[in-house]
Structures are given as structure tokens and as C-alpha cells.
1. Would you mind giving the average projected area, over all directions, of the Cα convex hull of the chain in nm² with one decimal?
2. Please turn the phi angles of region 316-324 into ³J(HN,Hα) values with the Karplus equation 6.51 cos²θ - 1.76 cosθ + 1.60 (θ = phi - 60°), one per residue in order, whole Hz, x for glycine and proline.
3. Using Cα-only point scatterers and the Debye equation, what is log10 of I(q)/I(0) for region 319-455 at each q in 0.12, 0.14, 0.18 Å⁻¹, rounded to two decimals?
4. Using the Cβ atoms and a cut-off under 13 Å, what net charge is assigned to the surroundings of CYS382, where Lys and Arg are +1 and Asp and Glu are -1?
5. Reachable lysines from LYS328, Cα under 19 Å, same-chain residues fewer than 8 places away excluded?
6. Work through the residues other than GLU221 whose Cβ is under 10 Å from its Cβ and net out their charges, Lys, Arg +1 and Asp, Glu -1.
7. What's the carbon and sulfur percent of the chain's accessible surface, probe 1.4 angstrom, rounded to a whole number?
8. Working out 0.36 nm times the residue gap between ALA218 and ASP111, then minus their Cα-Cα distance, what length gain in nm do you get to one decimal?
Amino acid sequence: MISVFELFKIGIGPSSSHTVGPMVAAARFRGDLRGLPAPQRVTVSLHGSLAFTGRGHASDTAICLGLLGERPDAVDPDAVPDLVAGLARDRAIRLDNRDVAFDPEADLVLDTAEMLPGHTNGMRFRAFDGAGAMVLERVYYSIGGGFVVGEETATDAAAQAPIDVAAPLPFESAAELLALCAARGIDIASVQLENEVALRPLGEVEAGLDRVAEAMLACIERGLSTGGTLPGRLKVRRRARDLHARLQAGERANARSPSETMDRVSTFAIAVNEENAAGGRVVTAPTNGAAGIVPAVLRYLREICGENAPETTRIFLLTAAAIGGLIKRKASISGAEVGCQGEVGSAASMAAAGLAAALGATPEQVENAAEIAMEHHLGMTCDPVGGLVQIPCIERNAFGAIKAIAAASLALHGDGIHHVSLDCVIETMRQTGLDMQSKYKETSQGGLAVNVAEC
């Protein structure tokens, strides 16, 4: 079982696999250093997709933060520049009252020549003693959504995830999930909740869900109130604040557009992903690159549908997590592995399922909603311009949120009977990802990433 809190993790932007994962790996390596008598120097190399787009995705910054002992869910985004500048100045990390040499300029290498065997997002950490002999080596893989595995568990890395073998209601497919619901007379959220309660007390689960929802909605508010230009050489102007202001002006003047609801949802999603691109605090849902879809649909549920009770929000998140867990286990949520269909497609599928459930859908209708949303993202490539999580990523979240709402609406107007199952479309997504050329999987070597400069 994959817990809701493993899919929805509070952290910083711009990328769960390229920022959150490397920060977690670096912090883990820092912990391993504590067991050594006298490490004197540390080096880090990033490989595969991390090497090709690491600068634009702030992977280098994430490594520095992790080695300093920072965690994604606790670091202050506003303090990041000073922390990184301090490390560049001191060229050492402080560990148990001693300095261990680490010069980000010389000791952090983005190696585009070597691909590590376990996954395209590979990292190699090494520690050396005073004589220059290596005393510790660790290889980690960031496999999407902030999940990190070590070299020893990297075989079929995409399938690696925390699994609770003692989960009271285990399911390995959507078909098994629907069978559980039918046999017990419960909905999908109840299945996920019962498994969550096996890991932690009910009160803790509910408080955690409320905290996730609050973080999502707070991220939207920050995005709606912040203007300016996003970091990076593209100089992309933030649009959410101006879009929101225009919508509010239209409401006050009673000049509402027929597309107002769609415009509002798009603005909510854009607000989150502009925050993400700026390195702000977001919730992986299930990744940072797709972090705007679930929050935008959640705000649609609460603000436009008027369903804002805490219990309804929890149903939304639990149902979304059940679907996201299936996709994570059976295929992938990593853009570096299967393209953007694994990120935006997965997020739209999760949001569609959550929305349908929160609006009273049967388990069969929920499964249908998830299937519709995923089906119409199949084949989507991941080709970020400049290696930044900005173009086309930000707008893709707006379209993903709209598709999720459309999928939920279609499912709610049906009876849950349909030709293509969610299990089938997840397997199709996996196979499509395997067939996709690597240049379209978060390396910025194909698609828009290379053609924008030529057009």
C-alpha cells in the first residue's frame, strides 16, 4: 500500500523528482556520514535526466540543501538563497562539530555521459578521508514524486514504493479495489482510510489530510497574490495574479464570461505551478510538475460546487490517493521515466476520481472518471524548455485540471459501465512510456525544448 502522505508530500519546488528527491537523498547520505570516523571531503555526481536538466530543476540547489541537513517539508523557501550562498562561500558542511569539505563548484558534477543502471534519475555520493581514499559510496535514484530508492533496491525501480504487507484491505489493481468495495459495501475512500488507520491513529490521519488540504489551498492563495517574473533565463512573467484580478473585476461589474468557471480553475492551477517554478512551498500531487491539478480541482469542489466540509475534502484526497497509488505501483509517476503522461496524466486521473467521489459517485463511476482522465493524456511527452518547470508545464496543469473536471462530469452522467478499464489504461501508459524516446522524457533534448529556439 502507498499511503496518502507518500503521494501528497509538502515540500518545495520546482520538481519532486529533480528537487525533492535529490534533497532527500543528500540528507540521507549526510546521515550515513555520521557513522564514519573522519570523512574529510564529499563529492556528488548527478546522472541521466538529473544531469541534463539539473540546473533548471534546481537539483544542484537541492543537493546542497540536503547536505546541509535541510528537509523538503521543513526548509524555509525564503532562506534557500542564503543557505546555498553560505555553502558556496564556506565550501564545507558542518557535521558533528567538524567541517567536511564540499565545494559545490568543484565537487558537484552533472555527468551527462554516464547513465546509472537503476533509473534515469541517478545520484552517486562519495566520501573520502584525509589521504584521498574513498571511505563511503552511496547510489540513490529519485523515481518520481519525491520517492528515493538505494542501489540495492533499484531493480525495477519504478515499482519500488513503501508497501504495507499487513494492510487490512490490500489491492493491486482497480478491479480488486472495486471488488473490495462491492464485497464490503463501502466506497474507495473508506478502503484507503482503513489502510491508513493501520499505519497511524484515525485522528492523526484526519489531521494530516487537513494539513495537506490547507497547504494546497494556501499555495493557490500565494500564487494569486504574487506577481513578477519567474527565475531562470526564460524570464517568464507570472500571470495568475493578473488573471485573478480580471476575473474579480468582471464579477464586480456583473460582466461574467461564459467560460468563467473554466478560467477560474485554470487560474488556480497556474497559481500553484508558478509558485512551484519559483521554488515555493507546494504539495507533490503526485509530483511537483503536476502539483497544480489536484489543488485546483479541490478548490473547484469547495468554492464552485460548494462542497467545503472537511469530511468531503478527506474523501476527495483519500480517493485520489487510492488511484495514485495504483498508477505508482503499476506504471510510473515519473516524467523522466514515462513522460508527462505519468505526471499530468496521473494527477488528472487522481483529481477526476477524487472529484467524482466527493460529488457522490459510485466506485464504478469513480474508476470510470480516473480512466477517462488518464486515457486522454496518453503519449504526452516531457520536454521542458530550458530545463525549467515552466514551459509547457504551467499551462499543462491548467488543461489537466479542466480535463479532470470533464472526466468526472462524464462519469457522473454515466452508470460506471465502460469499455476501457482503468487497469487497461494504466498498463497502456506504462507501455507507451517504455516506447517513448528518451529525448522526450525530461532531458530537454527533444520536442518543445529544442524547437522553441528555432521557431
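1. Here the figure is 22.3 nm², rounded to one decimal.
2. Calculated HN-Hα couplings, in order: 4, 5, 5, 5, 4, 5, 4, 5, x Hz.
3. Here log10 of I(q) over I(0) equals -0.44, -0.59, -0.89.
4. With Lys, Arg at +1 and Asp, Glu at -1, the neighbours total -1.
5. LYS9, LYS441
6. My count for the surroundings of GLU221 gives +1.
7. 51
8. Gain on stretching ALA218 to ASP111: 34.8 nm.
The values are calculated or read from the model by the stated rules, or taken from the named source; none is laboratory data. Just so it is clear, the model here is predicted, and its values are computed rather than measured. Cβ atoms come from the backbone with ideal geometry, glycine included; neighbour counts cover every protein chain shown. Calculation scope for accessible area: heavy atoms of the full protein, side chains included, ligands and nucleic acids excluded. Shrake-Rupley method; radii C 1.70, N 1.55, O 1.52, S 1.80 Å.
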